[in-house]
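So the structure is just underneath, and the comments pick up after that.
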Amino acid sequence: MNTMRLHFPQSEREDVLLGEGETSIGSGSDCDVPLQGEGVQDLHVIVTADARGPILWVRSPGNWTHVNGRPVQEKAILRIGDCISLGAVSLVLRPDTDSSISNALPPAITPEDDMLPAGQETRYRNSPPKALLRGVSGPYFGKVIGIPGRLVIGRGDDADLILDEPEMSRRHALIEVAADSIYLRDLGSANGTYVNGVQVRDALLYSGDQIAFDRNRFLIEAPGMRTRPDGSAEVLRPPTPGLNAVPGAAETGPRAESVNAASNADAGSNLPTASRSSPWLPLLIGAAIAAALAMLLFGFNQ
């Protein structure tokens with residue numbers, strides 16, 4: 001797996017690289033990441049990371065643990081860009097270096113229509129969008145917004161996606177979908193945008209990236225388009241039961257349903273052969289009936 005890091009926006013401590021294995025976080029001095037703050041318990045959480053991705057395990061049930069503003073009671077699958085709250089302390093899961101988010105973009109492929117002569121305005125085909133935003137926190141949680149070529153995001157009434165948040169500008173940013181690339185372009189916002197936890201103005205986006213505007217977080221989903229080369233934003237596979245498992249833990253949170261469904265499917269594929277329907281079963285039953293009839297006839301003749 002690629003190296004990630006835990007970033008502390010309020011500077012409670014320096015960033016911590018997160019490699020494979022287990023990383024304990026809490027106020028206890030024996031934790032791998034000692035952390036002081038209101039509501040942080042002695043052993044608050046453990047983060048396990050391997051080739052499948054990072055998983056957050058809550059070790060102090062009943063205390064405040066949130067991922068992207070949603071409470072977690074037992075465990076949650078994490079993605080690059082997620083915001084983890086332990087009591088009053090926030091952590092952001094980032095790539096190992098901010099430079100992994102490229103801001104080298106080509107010129108805009110869709111100039112503003114009011115700058116073009118009449119009859120030369122950009123026209124878009126009425127076809128399904130190649131990319132979409134899936135809300136993972138905030139008012140748009142669980143909702144899907146298609147990106148039909150370009151999408152203006154802001155708090156103004158003229159924005160395509162209106163996010164009424166205090167840190168949003170009226171015309172905040174533009175997401176543009178080209179033939180094989182997705183671009184984020186800043187429209188003169190005051191605060192920029194976060195891509196996988198890194199604050200940017202412009203950025204080359206990939207399928208699987210997480211973008212955040214204040215409390216609104218979205219995943220970029222673009223089937224068939226490129227994923228991030230370092231693999232940091234790839235869709236994570238559900239964990240295999242029995243590997244790095246914490247006893248008694250069960251999936252909760254926004255991604256629980258898909259993980260449990262995948263686990264059930266895997267369990268079905270591992271059923272013993274005898275428990276599945278078999279073409280030999282009718283033959284065996286027929287043979288047993290024939291044997292019983294033969295015994296009856298033999299007994300009768302005797």
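For the structure I just gave you, tell me whether Lys143 is open to solvent by 60 Å² or more (accessible area, probe 1.4 Å), within 18 Å of Ser181 (Cβ to Cβ) and at pLDDT 80 or above. In short, no. Ala49 falls short on exactly one of the conditions (1) more than 22 Å from Thr227 (Cβ to Cβ); (2) crowded, with 18+ Cβ neighbours inside 10 Å, and that condition is (1). Residues in the range 176-202 that are touching a residue at least 40 places away in the same chain (Cβ under 8 Å), aliphatic (A, V, I, L, M) and within 18 Å of Val136 (Cβ to Cβ): Ile182, Val195, Val198. When you scan the range 209-230, do you find a residue that is at pLDDT 95 or above and assigned to a loop (DSSP other than H, G, I, E, B), even just one? Looking through the range 209-230, at least one residue is at pLDDT 95 or above and assigned to a loop (DSSP other than H, G, I, E, B).
Listed here are the strands (runs of 3 or more DSSP E) enclosed by the range 1-97 that have at least 2 residues being among the β-branched types (Val, Ile, Thr): 21-26, 45-50, 53-58, 65-67, 89-95.
The set of residues from the range 187-229 being within 17 Å of Arg155 (Cα to Cα), of a type in the set (A, V, I, L, M) and within 16 Å of the chain's Cα centre (by Cα) comprises Ile211, Ala212.
Condition (residue is in a strand (DSSP E or B), over 19 Å from Ile101 (Cβ atoms) and open to solvent by 30 Å² or more (accessible area, probe 1.4 Å)) applied to the range 167-183: is it met by at least one residue?
Checking the range 167-183: not a single residue is in a strand (DSSP E or B), over 19 Å from Ile101 (Cβ atoms) and open to solvent by 30 Å² or more (accessible area, probe 1.4 Å).
Among the residues of the range 74-106, what is the count of those that are small (Gly, Ala, Ser) and surrounded by 23 or more Cβ atoms within 10 Å (Cβ to Cβ)? Steps first, please.
Applying the first criterion (small (Gly, Ala, Ser)) to the range 74-106 yields 76, 81, 85, 87-88, 90, 99-100, 102, 104.
Pick out the ones that are also surrounded by 23 or more Cβ atoms within 10 Å (Cβ to Cβ) and you get 76, 81.
Count: 2.
Total residues in the range 148-162 satisfying the condition of being under 18 Å from Gly81 (Cβ atoms) and at pLDDT below 95: the figure is 0. When the range 1-25 is filtered for residues that are surrounded by 15 or more Cβ atoms within 10 Å (Cβ to Cβ), free of Cβ contacts under 8 Å to residues at least 60 places away in the same chain and either under 24 Å from Gln199 (Cα atoms) or small (Gly, Ala, Ser) (or both), the ones remaining, listed by number, are Arg13, Val16, Ser24.
Taken together, the residues in the range 21-66 that are touching a Cys at 6+ places or on another chain (Cβ under 7 Å), under 19 Å from Asp82 (Cβ atoms) and not small (Gly, Ala, Ser) amount to 1. Here Pro34 meets each of (1) farther than 30 Å from Ala173 by Cβ; (2) modelled with pLDDT under 95; (3) surrounded by fewer than 15 Cβ atoms within 10 Å (Cβ to Cβ) with one exception, condition (2).
The values are calculated or read from the model by the stated rules, or taken from the named source; none is laboratory data. A quick note: this is a predicted structure, and the numbers were derived from the prediction, not measured. FYI the Cβ positions are ideal-geometry reconstructions off the backbone, even for glycines, and counts take in every protein chain you see. Keep in mind that these areas ignore ligands, DNA and RNA; they rest on the heavy atoms of the full protein, side chains included. Shrake-Rupley method; radii C 1.70, N 1.55, O 1.52, S 1.80 Å.
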